[in-house]
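Have a look at the structure below, then the notes.
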């Protein structure tokens, strides 16, 4: 006997919707997956912030060296902080733990806001991008003896001027977790990034 057209089959009735139990189960699974994935996502974001600061440091050092070669005069990379501005400005001061920097011929204290110039004032060439300091990232710059350092001067030949200059910049998460990065400056003026926690056999190692 044929079923009338107006009477839906059992399969059609099931396809018309989902039960409350199915909705609750699906939501519970989504919450569980989010809870499991959240720590990994947070750590991934924290690692990205560390990498962004390290890349900014390396970019500034490369620019300082290139300016010294181009201008045929000593040029400095200076770590500076300015609590009054998201970009180094008129209140800037040198700091071995700052996330900001400027590239200039003369010391930039209280003059980081000057317009780039090859002849006037601090003879500013570049400064780091304007952004708020991220409290989740810490910076520690050291000289070759492990002492706090705030600047490195490149000679017209692109080499580091003197032994007391900045040689490493350590960038890590403030909570001590996740991946730490290091920017290394050699006496010959080379600049590279590495991972201090990587094993010696890893090409990313600082050894």
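The values are calculated or read from the model by the stated rules, or taken from the named source; none is laboratory data. Just so you know, these numbers come straight off a predicted model, no measurement behind them. No Cβ is skipped: glycine too gets one built from the backbone with ideal geometry, and neighbour counts run over all protein chains shown.
Give me the pairs, please: first residue somewhere in segment 153-172 and on the phi > 0 side of the Ramachandran plot and modelled with pLDDT of 95 or more, second residue anywhere and buried (at least 18 other Cβ atoms within 10 Å of the Cβ) and in a loop (DSSP other than H, G, I, E, B), beta-carbon distance under 6 Å, and either six or more positions apart or on two chains.
Pairs that qualify, where the first residue is on the phi > 0 side of the Ramachandran plot and modelled with pLDDT of 95 or more and the partner is buried (at least 18 other Cβ atoms within 10 Å of the Cβ) and in a loop (DSSP other than H, G, I, E, B), are 158/189.
Only one residue in 204, 179 is under 18 Å from the mean Cα position of the chain (by Cα), modelled with pLDDT under 95 and crowded, with 18+ Cβ neighbours inside 10 Å, so which one is that?
Every option except 179 fails the conditions.
Could you please give the count of residues in segment 75-98 that are outside any strand (DSSP E or B) and surrounded by fewer than 22 Cβ atoms within 10 Å (Cβ to Cβ)? Write out each step before concluding.
Taking segment 75-98 as the starting set, the residues that turn out to be outside any strand (DSSP E or B) are 82-92, 95-98.
Subsequent filtering for residues that are surrounded by fewer than 22 Cβ atoms within 10 Å (Cβ to Cβ) retains 82-87, 89-91, 95-98.
Looking only at that region, the number is 13.
I'm trying to understand the selection: among the residues of segment 67-90, which are under 23 Å from the mean Cα position of the chain (by Cα) and over 23 Å from residue 170 (Cα atoms)?
Result: 67, 84, 85, 89.
Which ones in segment 53-95 are under 25 Å from residue 179 (Cα atoms) and either out of contact with any strand residue (DSSP E or B) (no Cβ under 8 Å at 6 or more places or on another chain) or free of Cβ contacts under 8 Å to residues at least 12 places away in the same chain (or both)?
59
Run down 169, 153 and say which single residue is surrounded by 13 or more Cβ atoms within 10 Å (Cβ to Cβ) and either out of contact with any helix residue (DSSP H, G or I) (no Cβ under 8 Å at 6 or more places or on another chain) or under 15 Å from residue 68 (Cα atoms) (or both).
153
Residue 199 - would you say it is farther than 23 Å from residue 63 by Cβ and in contact with a strand residue (DSSP E or B) (Cβ under 9 Å, 6 or more places away or on another chain)?
yes
For segment 1-58, which positions are loosely packed, with under 10 Cβ neighbours inside 10 Å, modelled with pLDDT under 65 and assigned to a loop (DSSP other than H, G, I, E, B)?
Of everything in segment 1-58, those that are loosely packed, with under 10 Cβ neighbours inside 10 Å, modelled with pLDDT under 65 and assigned to a loop (DSSP other than H, G, I, E, B) turn out to be 1, 2, 3, 4, 5, 6, 7, 9, 16, 17.
Return yes when residue 147 is surrounded by fewer than 16 Cβ atoms within 10 Å (Cβ to Cβ) and under 15 Å from residue 80 (Cβ atoms) and no when it is not. Even if it seems obvious, please write down each step before you answer.
Working: surrounded by fewer than 16 Cβ atoms within 10 Å (Cβ to Cβ): yes; under 15 Å from residue 80 (Cβ atoms): no.
For residue 147, the condition - surrounded by fewer than 16 Cβ atoms within 10 Å (Cβ to Cβ) and under 15 Å from residue 80 (Cβ atoms) - is not met.
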